[in-house]
Amino acid sequence: MAPTLGSILLVDDEPRVLESLTRNLRGHAYRVLTAGSGNEALTTLALHRVDVVVSDHQMPGMTGVELLSAIARDFPGIARLLLTGNMTLPVALSAVNQGQVHRLLLKPCPPDELIASIGDGLARAQLASATERLLDAARAYRSREVVASRFSDSATQSQPPGERGAISVRAECAEAFSKREKEVLGLLVGGRRPAEIASLLFVSPHTVRNHLKAMFRKAGVHSQRALMDLTKRVR
């Protein structure tokens with residue numbers, strides 16, 4: 001089975017709209033899930049990993065803004081897109097302020113715009129996930145260092161040569177990365193190439209290369225592969 005680029009949840013109370021959206025995403029290596037209401041969407045999120053949610057607004061029981069607000073609170077790493085045929089100013093303001101949506105789309109949405117918006121949302125979700133892994137790794141290794149310092153010197157000496165040093169370096173380099181460097185690394189781990197990263201972050205490829213060189217230096221590695229391997233080891 002071919003690998004998927006990510007998991008997308010489409011939410012709309014009209015079956016024909018869900019069918020149309022699903023059809024637009026065929027051939028793009030996404031795992032597509034659907035839900036006919038906000039409550040069904042929340043149940044789906046509790047059972048499946050989802051990277052991007054595309055939701056209608058006017059639905060019975062729970063509006064799209066209410067759904068995306070709940071997702072922002074309980075699943076902040078999921079990218080949120082609102083797709084509606086009634087884009088009034090109050091709806092737009094509520095979507096941004098309450099649902100913290102990443103993109104507002106107007107029905108009927110051209111397939112190319114939908115796919116591009118989902119791709120951008122997926123990149124955001126991958127970035128958030130990779131950044132959180134780095135932060136968790138730094139916290140975990142820092143905690144291990146604190147615990148290790150409480151053991152006797154003999155227990156410390158029982159570790160393989162260089163092991164404690166390696167742990168310290170990994171924790172320190174994860175914390176030493178700047179916010180932008182973590183963004184670059186997150187997109188790199190998510191499968192993005194340097195040229196794509198430059199486009200997504202609105203910087204030049206030269207700037208991305210400079211960020212990579214800085215991370216190589218801080219992590220004590222000499223290649224993108226080695227940097228990604230380090231990231232995988234600290235998940």
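The values are calculated or read from the model by the stated rules, or taken from the named source; none is laboratory data. Not measured: the values here are computed from a predicted model. In this analysis, Cβ positions are derived from the backbone assuming ideal geometry, glycine residues included, and neighbour counts consider all displayed protein chains.
Kindly establish whether SER20 is among the hydroxyl-bearing types (Ser, Thr, Tyr) and touching a residue at least 24 places away in the same chain (Cβ under 8 Å). In short, no.
Here is the figure for segment 208-231: residues that are hydroxyl-bearing (Ser, Thr, Tyr) and loosely packed, with under 14 Cβ neighbours inside 10 Å total 1. Taking every residue in segment 200-211 that is touching a residue at least 40 places away in the same chain (Cβ under 8 Å) and pairing it with any residue that is assigned to a helix (DSSP H, G or I), at least 6 positions away or on another chain, the pairs with Cβ-Cβ distances below 7 Å are LEU200/ALA123; LEU200/LEU187.
So, GLY191, is that one outside any helix (DSSP H, G or I) and touching a residue at least 40 places away in the same chain (Cβ under 8 Å) or not? Reasoning before the result, please.
Numbers: outside any helix (DSSP H, G or I): yes; touching a residue at least 40 places away in the same chain (Cβ under 8 Å): yes.
Here the answer is yes, as GLY191 does meet what is asked.
Restricting to segment 53-67, name every residue that is over 14 Å from LEU105 (Cα atoms) and either without any contact (Cβ under 8 Å) to a residue 12 or more places away in the chain or surrounded by 16 or more Cβ atoms within 10 Å (Cβ to Cβ) (or both). Selection gives MET59, MET62, THR63, GLU66, LEU67.
Give GLY99, GLY119 a once-over and let me know the one that is part of a loop (DSSP other than H, G, I, E, B) and modelled with pLDDT under 90. Break it down stepwise before answering.
Values: GLY119 fails: part of a loop (DSSP other than H, G, I, E, B).
After applying the criteria, what remains is GLY99.
For segment 6-20, indicate whether the set of residues that are in contact with a strand residue (DSSP E or B) (Cβ under 8 Å, 6 or more places away or on another chain), surrounded by fewer than 16 Cβ atoms within 10 Å (Cβ to Cβ) and either over 16 Å from ALA95 (Cβ atoms) or at pLDDT below 90 (or both) is non-empty. Checked against the condition, which is being in contact with a strand residue (DSSP E or B) (Cβ under 8 Å, 6 or more places away or on another chain), surrounded by fewer than 16 Cβ atoms within 10 Å (Cβ to Cβ) and either over 16 Å from ALA95 (Cβ atoms) or at pLDDT below 90 (or both), segment 6-20 yields no hits at all.
Looking at LEU67, LEU18, LEU42, LEU33 in this structure, which one is within 16 Å of LEU122 (Cα to Cα) and outside any loop (DSSP other than H, G, I, E, B)? So that I can check it myself, show each step before the final result.
Numbers: LEU67 fails: within 16 Å of LEU122 (Cα to Cα); LEU18 fails: within 16 Å of LEU122 (Cα to Cα); LEU42 fails: within 16 Å of LEU122 (Cα to Cα).
LEU33 is the lone residue from the list that is within 16 Å of LEU122 (Cα to Cα) and outside any loop (DSSP other than H, G, I, E, B).
Filtering segment 74-89 to residues that are surrounded by 11 or more Cβ atoms within 10 Å (Cβ to Cβ) and in a helix (DSSP H, G or I) leaves only ASP74. So, in segment 48-64, of the ones that are assigned to a loop (DSSP other than H, G, I, E, B) and within 21 Å of TYR30 (Cβ to Cβ), which residue ends up farthest from the chain's Cα centre (by Cα)? My answer is ASP56.
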